[in-house]
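Heads up, the thing below is written out as structure tokens.
The values are calculated or read from the model by the stated rules, or taken from the named source; none is laboratory data. No experiment lies behind these values; they were computed from the predicted model shown. No Cβ is skipped: glycine too gets one built from the backbone with ideal geometry, and neighbour counts run over all protein chains shown. Calculation scope for accessible area: heavy atoms of the full protein, side chains included, ligands and nucleic acids excluded. Shrake-Rupley method; radii C 1.70, N 1.55, O 1.52, S 1.80 Å.
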Amino acid sequence: MHEVDVIVIGAGAAGIAAARRLAAHRLSVAVLEARRRVGGRAWTAHVAGLPLDLGCGWLHSAEENEWGAIAQELGLTVDPTPPPWSRRALEAGFPLAEQSDYAAAWARLYRRLAEAADEKDDRPASDFLDEGCRWNPMLNALSSYINGVELDRLSVVDFSNYHDSGVNWRVVAGYGTLVETHARGLEVALDCPASLLDHSGRRVRAVTPRGEIVARAAIIAVPPSIIAGEALRIEPTLPDKLDAAHALPLGLADKLFLRIDEPDDFPAETRLFGATDRVATGSYHLRPFGRPLIEGYFGGRFAQKLEDEDAFASFAIDQIASLLGENMRKRLHPLAASAWRRDPFARGSYSYAKVGHADARAVLAAPVDNRLFFAGEACSLNDFSTAHGAYRTGVKAADEVLAALAGRAVHRRAGTR
Ligand SMILES: Cc1cc2nc3c(=O)[nH]c(=O)nc-3n(C[C@H](O)[C@H](O)[C@H](O)COP(=O)(O)OP(=O)(O)OC[C@H]3O[C@@H](n4cnc5c(N)ncnc54)[C@H](O)[C@@H]3O)c2cc1C
């Protein structure tokens, strides 16, 4: 049996941030990672010579985002081009006059949600739609991209807690590449899922297919879906944590990358809406970074359906051809698609709080007995669903470990005197 100071379970943005912090303080750290790669939901796949972010892509709240500074330290280029959603969309199927009308509906909804955040009882965001408004399906589709769920499952309180500076940048080599590069030098046991964390004894004990490991403390940095489904069991059971994890499911957002022939026919960094009259639609980012690509985005129940049917590429090509012409069919070539719900180590894309349960984030994040600590985007009160939120919770958990272990050392010294 191997013994270390701290076990970190999960090598996503949160686990890596935690492990680096602890290692910098000369603690021995074992990072256990279920997949054969680090990064978790930060994942840059390299296909046809192109770095494709199948998970996070945008440095949200970029000017405040720690990953921006880390990218600079690592010599990775950050591109400050504003995102396509901050500019007008392609007019195919969505004339400019309609775009303004839609933007006004969006602004009205946002204003009402902000006002409702102070109400005593939480409510689903769908309560604040204009009844019968022509833009409701599209507002729902947008919510499914942003939150992973449609407005009927979106908690107004949780949504209002989210902080967004409105500045969004990207890493040219990929957000996943950035997170992976930041992990270099750490000892990470890959392909090593922890199935049990036992905290009944003097030391905490993690069980993996490769053996057991004991430590003075553990940081659990897996998605709440893994805790809720007990793919990682914690013994003795922590009912508050299980309830909190169940109250914070992962919504679904999936990406598809298509290579496009003769890309110069299309404006770079532009958005194309697949349809404006239904929830079941994709949104398409034309030529990100000027590359010969279309990046499709799908969310919520519709993404689930497309995952189930393995139909991202066929659906997207049909939709794009219906807007830009039938000859598009032979110009588009599928490169890669995500399927985050199917992924056994994520089971979704990013957390949302069930209506009435925004406080579950603080419950999930709270330490237990000063030796079990929790990290991951779902533990963030204001930056959930992001890679920088995950990073911050990892650093916070590591600081809590450092304080706890220092406290215990002082305690022991005081006891011996
Ligand atoms: C399609 C998509 C688009 C996104 N876009 C953005 C964006 O533009 N900007 C942004 O900031 N965020 C975005 N996000 C969200 C962002 O990727 C996540 O919030 C962040 O990466 C989560 O980091 P984490 O460390 O909390 O969790 P994860 O990255 O999920 O890390 C948890 C780790 O735990 C591992 N694990 C699971 N079970 C076990 C086990 N039993 N034992 C050991 N290891 C285990 C997993 O394999 C994983 O590596 C996006 C996500 C998706 C899916």
Net dipole in debye of the range 214-267 [+1 Lys, Arg Cβ; -1 Asp, Glu Cβ; about Cα centre; nearest 20]:
520
Plugging the Cβ-Cβ distance of Arg134 and Gln72 into 1/(1 + (r/R0)^6) at R0 = 60 Å yields, to the nearest 0.05, a FRET efficiency of 0.85
Dipole moment magnitude, nearest 20 debye, the range 49-154 about Cα centre, only Lys, Arg, Asp, Glu C-beta charged
320
Relative to the present Cα-Cα distance, how much length would full extension add between Lys120 and Asp240 at 0.36 nm per residue of separation?
40.9 nm
So how far apart, in nm, are the two label points at Leu381 and Asp318 if each is 7 Å from Cα heading toward Cβ?
4.6
Residues of the range 42-85 with amide N under 14 Å of the 7 Å Cα→Cβ point at Phe289
43-59, 76-81
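Once you sort the root eigenvalues of the Cα gyration tensor of the range 161-246 as a ≥ b ≥ c, which label holds: rounded (a/c under 1.5), prolate (a/b larger than b/c) or oblate (the other case)?
Details: a/c = 2.62, a/b = 1.47, b/c = 1.78.
Oblate, since a/c reaches 1.5 and b/c is not below a/b.
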Ala336's amide H: which non-local residues (gap 5+, or another chain) put their own amide H closer than 5 Å, with H modeled 1.01 Å from N in plane and none for Pro or chain starts?
Phe257
Stretch Ala92-Arg329 to full length: gain in nm at 0.36 nm per residue minus the Cα-Cα span?
83.7 nm
Which shape class, rounded, prolate or oblate, goes with the range 117-156 when its Cα gyration tensor gives a ≥ b ≥ c as root eigenvalues, a/c under 1.5 marks rounded, and past that a/b bigger than b/c marks prolate?
oblate
HN-Hα couplings for the range 357-372 via Karplus (6.51, -1.76, 1.60; θ = phi - 60°), in whole Hz with x for Gly/Pro, come out as 10, 4, 6, 4, 4, 5, 5, 4, 6, 5, x, 10, 6, 6, 8, 10
If amide H atoms are modeled at 1.01 Å from N in the peptide plane, then the residues at a separation of 5 or more from Arg233, or on another chain, having amide H under 5 Å from its own are Leu196, Leu197
Answer with one residue from Leu372, Leu332, Ser385: the one whose Cα lies farthest towards the positive end of the charge dipole of the range 266-417, charges on Cβ with Lys, Arg +1 and Asp, Glu -1.
Leu372
Could you report the chain's accessible area per residue, 1.4 Å probe, as an integer in Å²?
42
Per 0.36 nm of contour for each residue apart, how much would the distance between Arg111 and Arg233 grow if the chain were fully extended, relative to their Cα-Cα spacing?
39.7 nm
Can you order the peptides 337-345, 217-225, 174-182 by their average number of other Cβ atoms within 10 Å per residue, highest first?
217-225, 174-182, 337-345
Calculate the length of the line joining the C-alpha centroid of the range 101-173 to that of the range 325-389, in whole Å.
17
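Quote the FRET efficiency, to the nearest 0.05, computed for Asp101 versus Thr270 with a Förster distance R0 of 25 Å and r equal to the Cβ-Cβ distance.
The pair Asp101/Thr270 has a calculated efficiency of 0.80.
Ignoring everything except DSSP H segments at least 4 long, calculate the 222 nm mean residue ellipticity for the chain; use -39,500 (n - 2.57) per segment, divide by total residues, nearest 500.
Here the helix-only value at 222 nm equals -10500 deg cm²/dmol.
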If you place +1 on the Cβ of every Lys and Arg, -1 on the Cβ of every Asp and Glu, and leave all else neutral, what size is the dipole of the chain about its Cα centre, to the nearest 20 Debye?
1500
Share of carbon and sulfur in the accessible heavy-atom surface of the range 116-197 [1.4 Å probe, %]
49
Counting only Cα, what are the radius of gyration and maximum Cα-Cα distance Dmax of the chain, in Å?
22.2, 83
Could you tell me which of rounded, prolate or oblate describes the range 3-67, using a ≥ b ≥ c as the square roots of the eigenvalues of the alpha-carbon gyration tensor, with rounded for a/c under 1.5 and, failing that, prolate when a/b is larger than b/c and oblate otherwise?
oblate
Dipole check, the chain, charges on Cβ (K,R +1; D,E -1), about Cα centroid: among Trp85, His25, Ala358 the Cα furthest to the positive pole belongs to His25
